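The values are calculated or read from the model by the stated rules, or taken from the named source; none is laboratory data. None of the values given here were measured: they were computed from a predicted structure. Quick reminder, even Gly has a Cβ in these numbers, built from the backbone with ideal geometry, and neighbours come from all protein chains shown.
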Amino acid sequence: MSVQFNTQNILRRDVLALAGTGVVAVSSIGLFAGDAMADPAAVAKAIKDRIGGKKSMAGNITLELPQIAENGNTVPIAVEVESPMSSSDYVKAVHIYAEGNPAPDVATFRFTPDSGRARVSTRMRMIKSQNIVAVAEMSNGKVHMVKNAVKVTIGGCGG
Amino acid sequence: MGAVVVGLSGFASIASSAEMTYKVGDRSSGYTYATKETQGIQDDDIANPAYVYVDDGEALWSKVDGKAGKSCASCHAVDSAMLSDVGTRYPVYNAKLGKLQSLEQKINQEREEKMGAKPYKWESGSMLAMTIYMRNQSKGKPMNVSIDGPVIPFFEAGKKFYDQKRGQLDMSCANCHVDNAGNRIRANLLTEGQSNGFPTYRLKWQKPGSIHRRFRGCNKQVRATPYGYGSDEYVNLELYLAWRGRGLSVETPAVRN
Amino acid sequence: MAKARVKAPKSVKKGEVFEVKTLISHKMETGLRKNKKTGKKIPRKIINKFSVTYGGKEVFGSDWHPAVSANPYVSFFVKASASGPMKFQWTEDGGAVTEKTVNIKVT
């Protein structure tokens, strides 16, 4: 016998039957009551601590992230900074921040002229939908910044 | 809370690539339901964390273990025909036992009888390494289990289990994976529940896991008491699932949500 | 030592910019999770540093925080200078180091 889900019915049954199974992503990572979550101000402060009073510019830096993450615990992320990567003009470091995670820092990547290309790919954790910020520090003192929004859906019937 | 998310997630559905068949007839691999980012993790054998297990399995294959002083390689060459299609064939009927045997059970039988070695626990790193390594040797080949002759009653039992409602939520495998494949249950996209990529690296588990682990999770999610690893119920179900995926390429180790 | 896998091209031309891919098996325990049975906090244990040396110097380095996913994957680029070893080092909280070396052949 075929069953077509009425999505509203599933929600009601879910709430009743699955309430105790910890399906919600936030509770499953065991945050403590009263934990402060990072917010845009915390990220802004972390960036200021890193680059001092320098003004950051848009452009030259791109962030590649999915629009919607399949699972917030493994979100592929790539950053690329346009640069000749010569000994006199290269990308020194790229810093990644998350505006909505329990802590703002994600990673710092340091390049050298021997890198040849200032591009790095990795995977990060996102506890919820939020903005990800990448800041590039150049050898000539300039700073470039970019911000992307990523949606993270919470829970389902994963088993 | 709020409404079920129905947004498009940018998944790239493809029927096949140079070596892999992800769609055949009306059957589609879980690969076609994944986002392109997740597909990318599966397809890159450095990005795919389960490939560490392929390496481990390869090392275990030549490792001497047990009282008989043998390794798997003592009897089974790495380029043997057995290894090249093992991932397409299991579970298989064992005449002596008079029932189906999963690959895990066959491995342990060989370890005990031929090597004098201790059996591996079902979900142990060693067993996962062995089954991932072995099934990976068949990667790209079409799933092709036998459902004739002595396996018929076990196939029928697996099919009956699949269609049977169970648990407090009173749902069968078919309710999700046949009636609602492609629909969402809260934020998850339901697939056909194919087995061609198992053992699979699930993002949720952050490690690879066997299909029996997945069965247990599914049964718990409908609030049914799960059966044991290696239970007859699950081995029979495994055969039915393998038949449901006939013609799809072996993808072990796949990456799924 | 944790298990790591590395992929670099077998041979490259001098001056060529090539991609290197790396993966290490590691739980990257954030320190935010609680043991479901005891309620006790599971202590943080992550790889906090990844460094790549080639031609006698660090060509790529990184600092990781708990927001880096389990089983960390990093791919980056290097400009081919001379044939020789490329050494990869992953350092865990507490100082344990995992190392891997591949030989880069430059023609």
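Quick check on B:S195: is it without any contact (Cβ under 8 Å) to a residue 24 or more places away in the chain and over 12 Å from B:N257 (Cα atoms)? First the steps, then the outcome.
Working: without any contact (Cβ under 8 Å) to a residue 24 or more places away in the chain: no; over 12 Å from B:N257 (Cα atoms): yes.
No.
Can you tell me which residues in the stretch A:53-80 are closer than 30 Å to A:T153 by Cα, away from chain B (no Cβ under 14 Å) and assigned to a loop (DSSP other than H, G, I, E, B)? Full working, then the answer.
The initial filter retains those residues of the stretch A:53-80 that are closer than 30 Å to A:T153 by Cα, namely A:58-59, A:61-80.
Right, trim to away from chain B (no Cβ under 14 Å) and you get A:58-59, A:61-62, A:79-80.
Scanning the stretch A:53-80 gives A:A58, A:G59.
Give all pairs with beta carbons closer than 8 Å in which a residue from the stretch C:3-16 that is more than 14 Å from chain B (Cβ to nearest Cβ) meets a residue that is surrounded by fewer than 14 Cβ atoms within 10 Å (Cβ to Cβ) and assigned to a loop (DSSP other than H, G, I, E, B); count only pairs at least 6 apart in sequence or on separate chains.
C:S11/C:T107; C:V12/C:T107; C:K13/C:T107; C:K14/C:A82; C:K14/C:T107
Provide a single number: the residues in the stretch C:53-73 that are in a strand (DSSP E or B) and within 14 Å of chain B (Cβ to nearest Cβ).
First, pick out the residues of the stretch C:53-73 that are in a strand (DSSP E or B): C:53-54, C:57-64, C:68, C:73.
From what's left, within 14 Å of chain B (Cβ to nearest Cβ): C:68, C:73.
Going through the stretch C:53-73 one residue at a time, the tally reaches 2.
Conditions tested, residue by residue: (1) touching an Asp or Glu at 6+ places or on another chain (Cβ under 8 Å); (2) at the interface with another protein chain (Cβ under 7 Å from one of its Cβ atoms); (3) crowded, with 22+ Cβ neighbours inside 10 Å.
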| position | (1), (2), (3) |
| --- | --- |
| A:E82 | no, no, no |
| A:S88 | no, no, no |
| A:E99 | yes, no, no |
| A:F111 | no, yes, yes |
| A:S115 | no, yes, yes |
| A:S129 | no, no, no |
| A:I132 | yes, no, yes |
| A:A136 | no, no, yes |
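Given B:G40, B:G66, which one is away from chain C (no Cβ under 13 Å), over 17 Å from B:K141 (Cα atoms) and modelled with pLDDT of 95 or more?
Values: B:G40 fails: away from chain C (no Cβ under 13 Å).
Of B:G40, B:G66, the one residue that is away from chain C (no Cβ under 13 Å), over 17 Å from B:K141 (Cα atoms) and modelled with pLDDT of 95 or more is B:G66.
Working carefully through the options C:F50, C:F76, C:F88, find the one that is at the interface with chain A (Cβ under 7 Å from one of its Cβ atoms) and closer than 22 Å to A:A118 by Cα. Working first, answer last.
Values: C:F50 fails: at the interface with chain A (Cβ under 7 Å from one of its Cβ atoms); C:F88 fails: at the interface with chain A (Cβ under 7 Å from one of its Cβ atoms).
Just a single option satisfies the conditions, and that option is C:F76.
Is it the case that some residue within the stretch B:45-56 is more than 14 Å from chain C (Cβ to nearest Cβ) and either in contact with a Leu (Cβ under 6 Å, 6 or more places away or on another chain) or surrounded by fewer than 15 Cβ atoms within 10 Å (Cβ to Cβ) (or both)? So that I can check it myself, show each step before the final result.
Going through the stretch B:45-56, the residues more than 14 Å from chain C (Cβ to nearest Cβ) turn out to be none.
No, the stretch B:45-56 contains no residue that is more than 14 Å from chain C (Cβ to nearest Cβ) and either in contact with a Leu (Cβ under 6 Å, 6 or more places away or on another chain) or surrounded by fewer than 15 Cβ atoms within 10 Å (Cβ to Cβ) (or both).
Of the residues C:K57, C:K45, C:K36, which is surrounded by fewer than 18 Cβ atoms within 10 Å (Cβ to Cβ), touching an Asp or Glu at 6+ places or on another chain (Cβ under 6 Å) and among the basic types (K, R)? Step through it out loud before you land on a result.
Values: C:K57 fails: touching an Asp or Glu at 6+ places or on another chain (Cβ under 6 Å); C:K36 fails: touching an Asp or Glu at 6+ places or on another chain (Cβ under 6 Å).
Every option except C:K45 fails the conditions.
Being within 11 Å of chain A (Cβ to nearest Cβ), within 21 Å of A:F111 (Cα to Cα), under 14 Å from the mean Cα position of the chain (by Cα) and assigned to a loop (DSSP other than H, G, I, E, B), is that true of even one residue in the stretch C:25-38?
no
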